Amino acid sequence: MNTIIFLQTLLIIVALTVTFLKDNFRMVIFFSVFSLICSSLYFFYMAPDLALAEVTIGSAIVPLIFIIAISKQRGFVIINDLEKDDDFLSKESEKGIGYKLLSEFAELYKLNLVIEDYEDEDDTIFGVFRVRNVDLFVSKKHGKYLLEGKSTNIIMNKLAQMAKDYPEIDVVFVAEEETDD
Amino acid sequence: MKTSEILKSMCKVLFPFVSMFGLYVIINGHISPGGGFQGGAILATAILITYIIELDIVENLTLLIRIEKYAFLTIILIGGISLFTRGEFFTNFIPIGSSIVYKRIFLIALNFFIGIKVATGLITIISTFIEEGE
């Protein structure tokens with residue numbers, strides 16, 4: 001009986017810790033501790049079946065999903081819709097001013113640049129689940145490079161400010177639904 | 001991101017034991033706590049733990065999804081056998097009068113295929129989730 005009361009007290013403390021923590025990674029670890037205590041409580045209340053399910057789902061799979069989601073947050077996804085021989089976004093050559101600007105921008109906010117080519121047809125299996133979160137869409141019109149981003153994205157203002165030094169780059173704001181997600 | 005050596009070797013040590021425990025829970029599902037779902041989740045955990053140390057272990061997702069579909073069909077087929085032997089859907093297909101040794105075949109087979117289905121399903125979900133933003 002004493003063990004159950006001790007575990008219940010511990011469970012309340014860990015639950016409050018999860019609620020008030022600011023650090024995301026620590027919160028995930030405390031969440032899995034919460035699941036472990038919960039599953040031992042299930043065991044003491046004569047439900048070993050539930051305890052097994054809780055210990056696998058709650059302390060391994062859900063934290064893994066959270067960790068992946070947190071590490072995905074740091075990405076800045078760019079879709080590249082330029083010609084193949086256009087070196088606006090290329091890393092190596094001197095002409096890659098777009099890459100220079102964007103990498104400066106990403107360094108400022110500590111983001112990872114993810115540059116992908118534009119595909120019309122997406123017939124891979126992952127396409128079924130996909131509502132993609134595209135941050136920037138790069139294309140070329142009338143000799144000017146267009147960088148289209150969502151107007152709801154706050155850090156886009158900073159990008160527009162940084163792009164003022166380059167006369168051949170235009171930063172365009174579009175509404176939430178109009179981007180090519 | 002650099003992974004620490006301790007984490008790598010612990011994952012390698014844990015992997016066979018966790019997968020063996022998963023199989024044990026699946027196969028003993030009819031006489032002990034656990035069963036298809038719990039054992040399948042443990043099996044999936046064993047494989048997903050290795051995601052921490054190396055990111056692309058699952059290469060052929062389509063094969064996994066196909067295995068999951070076939071496991072699902074097999075579960076329905078095993079349930080459907082009783083329609084011919086006892087005239088009822090999704091009950092034990094072995095006659096009531098026979099010994100308990102033969103009756104448990106139904107439970108073991110169902111638990112086994114449910115375990116495969118849950119394990120492949122969970123691996124597919126998380127692999128898709130990892131693949132998503134890249």
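The values are calculated or read from the model by the stated rules, or taken from the named source; none is laboratory data. Only a predicted model underlies this, so the values are computations on that prediction, with no experimental measurement involved. We place every Cβ from the backbone using ideal geometry, glycine too, and count neighbours over all the protein chains shown. Areas reflect the complete protein model, heavy atoms only, side chains present, ligands, DNA and RNA absent. Shrake-Rupley method; radii C 1.70, N 1.55, O 1.52, S 1.80 Å.
With the condition kept exactly as written, say whether any residue in the stretch B:6-29 is in a loop (DSSP other than H, G, I, E, B), over 23 Å from B:Phe129 (Cα atoms) and touching a residue at least 40 places away in the same chain (Cβ under 8 Å). Give the derivation first.
So the first thing to find is which residues in the stretch B:6-29 are in a loop (DSSP other than H, G, I, E, B), and the list is B:28-29.
The next check asks that each one be over 23 Å from B:Phe129 (Cα atoms); those that pass are B:28-29.
Then drop every residue that is not touching a residue at least 40 places away in the same chain (Cβ under 8 Å), which leaves B:29.
Yes.
Quick one: A:Ser71 ticks every box in (1) open to solvent by 40 Å² or more (accessible area, probe 1.4 Å); (2) of a type in the set (S, T, N, Q); (3) at pLDDT below 75 bar one, so which box is it?
The one condition A:Ser71 does not meet is (3).
Any idea how many residues of the stretch B:98-113 are without any contact (Cβ under 8 Å) to a residue 24 or more places away in the chain and open to solvent by 80 Å² or more (accessible area, probe 1.4 Å)? Reasoning before the result, please.
Taking the stretch B:98-113 first, the residues without any contact (Cβ under 8 Å) to a residue 24 or more places away in the chain are B:98-103, B:105.
Going one step further and asking which of them are open to solvent by 80 Å² or more (accessible area, probe 1.4 Å), we end up with B:100-102, B:105.
Residues flagged as without any contact (Cβ under 8 Å) to a residue 24 or more places away in the chain and open to solvent by 80 Å² or more (accessible area, probe 1.4 Å) within the stretch B:98-113 amount to 4.
Here is a check on your reading of the model: is A:Leu36 within 28 Å of the chain's Cα centre (by Cα), open to solvent by 60 Å² or more (accessible area, probe 1.4 Å), closer than 22 Å to B:Phe21 by Cβ and not acidic (Asp, Glu)?
Values: within 28 Å of the chain's Cα centre (by Cα): yes; open to solvent by 60 Å² or more (accessible area, probe 1.4 Å): yes; closer than 22 Å to B:Phe21 by Cβ: yes; not acidic (Asp, Glu): yes.
Taking the combined requirement at face value, the residue satisfies it.
Which of the residues belonging to the stretch A:39-56 are more than 12 Å from chain B (Cβ to nearest Cβ) and over 20 Å from B:Val18 (Cα atoms)? Write out each step before concluding.
Of the residues in the stretch A:39-56, the ones more than 12 Å from chain B (Cβ to nearest Cβ) are A:40-41, A:44-45.
Answer for the stretch A:39-56, where residues must be more than 12 Å from chain B (Cβ to nearest Cβ) and over 20 Å from B:Val18 (Cα atoms): A:Leu41, A:Phe44, A:Tyr45.
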